[in-house]
Amino acid sequence: MKRVPIHLAMLAWGVVTALPLLWAIVSSFKTDNDILNDPWSLPTEPRWGNWSRAWSQANIGRYFFNSLIVVGGGLLLTMLLGSMVAYALARYEFRGNRLIYYVFVAAMFFPVFLALVPLFFVVEQLGLLGTYQGLILVYAAYAVPFTVFFLHAFFKTLPSEVAEAAFLDGCSHGTVFFRVMLPMARPGLVAVGIFNFLGLWNQYLLPLVLNPDPDRYVLAQGLAALSVSQGYRSDWSGLFAGLTIAMLPVLIAYVVFQRHIRAGMTAGAVK
Amino acid sequence: MNPSPFAQPYPTRRTVLRAAVAAGATLPLLSACVTGGKDDKPASAAGAKSATNPLGVKEDAALEVVIFKGGYGDDYAKKAEGLYTQKYPKATIDHKGIQKVGEALQPRFVANTPPDVVDNTGAGRLDLAALVGAKQLSSLSELLDAPSFDDPAVKFKDTLLPGVVEDGTFDGAPLVLNFTYTAWGIWYSKPLFASKGWTYPKTWDEMIALCATIKAAGIAPWTYQGKYPEYMNDPLLSMAAKTGGADLIKAVDNLQPNAWKADGLKAAAEAFAELAAKGYIMTGSEALSHTEAQAAWCQGKAAFIPSGSWLEAEQKDVAPKGFDMVMGAVPARTGSDKFGAAAIQAASSESFIVPSKAKNIAGGLEYLRILFSKQSARSFAESAGTLPAIAGATDGLTLSSGLGSTRDAVNAAGKEAFTYRFRTWYAPLAKAVDDATGELINKRATPAEWADRIQKAADALAKDSSVKKYTR
Amino acid sequence: MKHGRLRFLIGALLPALVLHVVFVLSPYGQAFYLSLTDWTGVAGEAHFVGAGNYARLGGDSLFLDAVRNNAVMLICVPLVTIALGLFLASMLHLGGRSGRSSIRGAGAYQIVYFFPQLLSLVIVAVLWQFVYNPTNGLLNGALRAVGLDGLARSWLAEPKLALPAIMAVLVWSSVGFYMVLFSAAIDGIPKELFEAALLDGAGSWATFRRVTLPLVRDTVQVSFVYLGITALDGFAVVQIMTVGPGGPDGATEVIGLSLYRAAFFYGKFGYASAMGVTLFFATLTFAVLALRSGRKERLELS
């Protein structure tokens, strides 16, 4: 059988990928002692207490909620602003069009680290340090360039007949955009939306610097703090439960929508 | 489990540093606000001074107390308030237990209406340096020289543990009073040692001999929080300080040339290199986080671990019943050490301040005099499981084994409690020392190389004109 | 209509432009200025020091460690990830009959391989920290279980192993994504080309080299740039996982970590900005080189 080695190779990488994830999930049901003494053992009985402890006492629930607010707000704002800019630049001719496009797109290639220090002070001087609004605005500001880049190309490819017909019917520019063009761009919006969602949901550096208030930690920040800080007293099972709580929703959503998500993300990368 | 997500119930090097950084980072805004207020000073309430009222408290003046409500709660502060109203029944007290001290009080400092006493602690605290710079803090010298609440014959400052006054002194002025006390040492399980017939070593030679016995018994003599080599610095630098005395510490903190090549430091580095060379450190320690190393120690996989006095609280849920951890002073390296064998490294934290623009400064100072009384400090020790910064406050109390051993160590040390300042003054130097010590105890640097590389870092720092220098 | 057009354009562009200028452009601009000052965070206390910060960078051994480590990562992470990704993607197709159709279970493999891409690097780092734990970690546990006790190590605490261990995590977390990406690119290759190669009697390797590789070249090149930028960062993984962090003794220090420490622990904001500017030029140089070198080669080929 010629294909056995191929299957073996594929399987091997599958195990390497899945095993640490499975291990975390299994460990979230074990006691601290089991985890410390026998990393490979199975839980003697499922200990849901680890999960409830992680959710409430270790504040994973709060972090989850914070992430939802910040990422939800940031994503909405990004999509709204990004699609408007992309559409205006793709479908209207005016002086400075290219300049504005490049001003946005160039920012994609700058490392965030370069902006980090001044950004901290900008956010602070606006009184937005450690607030939801501050993070939402910054998230949007840093996600808009790619959104513009991606949707600009997308709007260019859309046929113009429908829009022209709408204009002849007396629709305003805004109506044409929101009622006609935006619905037509739906596949592109979904793709870039998924891409942005994952990017923002997994963001760590920006909240680490701009969101110092433990009450408003987002999930990634909260988990890092749990694993690094003293505050969480040697509760490995709780930490694994926290990891699992943070991983599972995304993984499950992915398995359900996997085709869309993969298509969206890979399209985002090659465009 | 941690009862409050907001607070670290125990000060540690890292959390203190992190909080200091967080506070330092918000400095521009704060200082702008703090200095932005008007300068006219509202008259503070005052009454006649007397033997029973040495600070001149106006009996019916209202008092506002703001307490950081973290891991220690704020009941201890309320108890002291009870004592205050017992003495001044006409006074009304407005108590606030909050978490975000900075957020709540910054606008009040700007508006020149600060409270009368503030427990400025926690991650969201006000930046002390900014407050000091803006002259927002009352001098505490009057309080320090006043008779203590318990015994009029003893001055208030003489009831404090060594170093507490110095910890709160800025450019010669006492402005801050720290309420809790942290000591550093080497920890072990008392019952384990008793059952094996081991006694805690007084000298390093005894330590090395004991380590051989422990290793032969199938237990690793030492482990440490390898991910953060700074934990191993504490016993190493303590040992050096004991050998070289106050002069060695000063030379190090003041960045003097060749300070790190002093005999005391060299001998201490050699001592810990020996520990590593003889295989007395648990294999794998170097990659363990503090929680992992401490858990291994609690499981009896290693006999000794270095840490500060917060360890017992940190291990509350991990240590098995009857583990009864105790802290010992770092053993003496030589027979001719400048400090006695009982000397320890210790520092105070949990900062109380009396704002200079407060309406009732005398009341604020009087409140501190009461808070730092024996009665108040004892009830704090019992409920918080942490040593207050008051000498003899917990004498005669039945404490948990770890806290009791910390108290005994502090008492035994007496005046010989010391602390290095370079860690908070020069964070980059602290990093260089941590890295070097990590290399030393993993046998990748010799004691001489250890001293060389730290000295190089210290020299570079001393030459760096962009770094503000401090001296002690 | 003309009036409505202008109003619409302003409404569409202005909010995003304001946001962009305030939070993106102005910080980038300020960073260049700050890097020439000794600013410590106190308003109005920034002094112009010219290239002083940059001169100091050259003598900062920890920063030089960071540059060296980032350079190693810049080479290794993209190469290994792309090699693995290409290998798996072509395996996925090679298994099929015509060199195009997928092997059985390809869908399941694609799902599983993609998992790490969905997780925050923070989660990945916390997880792998446990995998590498010397006493009760998954990796040493596995080695001991199969009798290879001698290979068990303190993965993150040995200077020679720490950086490779970190790079392995970065590779692990990205292979799936690039595998899917390459797989899509291979899907886009006209079927006839594979059939022609098959008719010529080309083996799998020859088909890969003569048909697949040249035609997914653009994708590989873009991937190289993306991966390189990831490797120039590495902050989250290093900060969470390593001894120190950045250790042992600078063995895993990266520029991002040095910058973060200088700014937010030491309060040396000017100095930190100089590191940011250095990182910016490193990224720019790398991207330009990677994109241009490919173009040149392609010209030579044609």
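The values are calculated or read from the model by the stated rules, or taken from the named source; none is laboratory data. Since this is a predicted model, take the numbers as computed values, not measurements. Here the Cβ is made from the backbone with ideal geometry for all residues, glycine too, and neighbour counts use every protein chain on show.
Couple of notes before you dig in:
- Tally, over the range C:120-156, of residues that are more than 14 Å from chain B (Cβ to nearest Cβ), modelled with pLDDT of 90 or more and not in a helix (DSSP H, G or I): 0
- Residue pairs whose Cβ atoms lie under 6 Å apart, sitting 6 or more positions apart in sequence or on different chains, and linking a residue in the range B:266-283 that is small (Gly, Ala, Ser) to a partner that is surrounded by fewer than 18 Cβ atoms within 10 Å (Cβ to Cβ) and in a loop (DSSP other than H, G, I, E, B), are B:Ala276/B:Lys443.
- Test result for C:Tyr33, surrounded by fewer than 19 Cβ atoms within 10 Å (Cβ to Cβ), on the phi < 0 side of the Ramachandran plot, more than 13 Å from chain A (Cβ to nearest Cβ) and assigned to a helix (DSSP H, G or I): no
- For A:Pro43, the requirement of being within 11 Å of another protein chain (Cβ to nearest Cβ) and free of Cβ contacts under 8 Å to residues at least 40 places away in the same chain is not met.
- Here B:Ala287, B:Ala293, B:Ala276 are screened, and the one residue that is within 14 Å of chain C (Cβ to nearest Cβ), over 26 Å from the mean Cα position of the chain (by Cα) and crowded, with 23+ Cβ neighbours inside 10 Å is B:Ala287.
- Evaluation of B:Leu399 against (1) part of a loop (DSSP other than H, G, I, E, B); (2) outside the structural domain of B:Ala77 (by TED's automatic domain parsing); (3) under 24 Å from B:Gly308 (Cα atoms) (one fails), failing number: (2)
- Boolean, B:Pro107 is assigned to a loop (DSSP other than H, G, I, E, B) and over 25 Å from the mean Cα position of the chain (by Cα): no
- Residue, farthest from B:Thr121 (Cα to Cα), within the range B:350-390, restricted to residues that are at pLDDT below 90 and assigned to a loop (DSSP other than H, G, I, E, B): B:Gly385
- Any hit, the range B:67-81, residues being over 29 Å from the mean Cα position of the chain (by Cα) and assigned to a loop (DSSP other than H, G, I, E, B): no
- Of the helices (runs of 4 or more DSSP H) lying entirely inside the range C:172-277, those carrying at least 1 residues that are farther than 30 Å from B:Lys468 by Cα, of a type outside the set (A, V, I, L, M) and more than 12 Å from chain A (Cβ to nearest Cβ) are C:191-199, C:204-207, C:217-233.
- Figure legend. Inter-residue proximity from the range B:373-399: first residues surrounded by 19 or more Cβ atoms within 10 Å (Cβ to Cβ), second residues of a type in the set (Asp, Glu) and in a loop (DSSP other than H, G, I, E, B), beta-carbon distance below 7 Å, spacing 6+ or different chains. Indicated pairs: B:Ser373/B:Asp150; B:Lys374/B:Asp150.
- Hits in the range B:147-182 - residues which are surrounded by fewer than 22 Cβ atoms within 10 Å (Cβ to Cβ) and either over 21 Å from the mean Cα position of the chain (by Cα) or part of a loop (DSSP other than H, G, I, E, B) (or both): B:Pro147, B:Ser148, B:Asp150, B:Asp151, B:Pro152, B:Ala153, B:Val154, B:Lys155, B:Pro162, B:Gly163, B:Asp171, B:Gly172
- Residue list for the range B:83-104, filter: part of a helix (DSSP H, G or I) and closer than 14 Å to B:Asn360 by Cα: B:Tyr84
- Failed criterion for A:Gly96 (all others in (1) at positive phi; (2) in contact with a Phe, Trp or Tyr (Cβ under 8 Å, 6 or more places away or on another chain) hold): (2)
- From the list A:Gly222, A:Gly174, the one residue that fits, being in a helix (DSSP H, G or I), closer than 27 Å to B:Ala313 by Cα and within 13 Å of another protein chain (Cβ to nearest Cβ), is A:Gly222.
- The residues of the range C:1-16 that are at pLDDT 90 or above and within 7 Å of chain A (Cβ to nearest Cβ), listed by number, are C:Phe8, C:Leu9, C:Ala12, C:Leu13, C:Pro15, C:Ala16.
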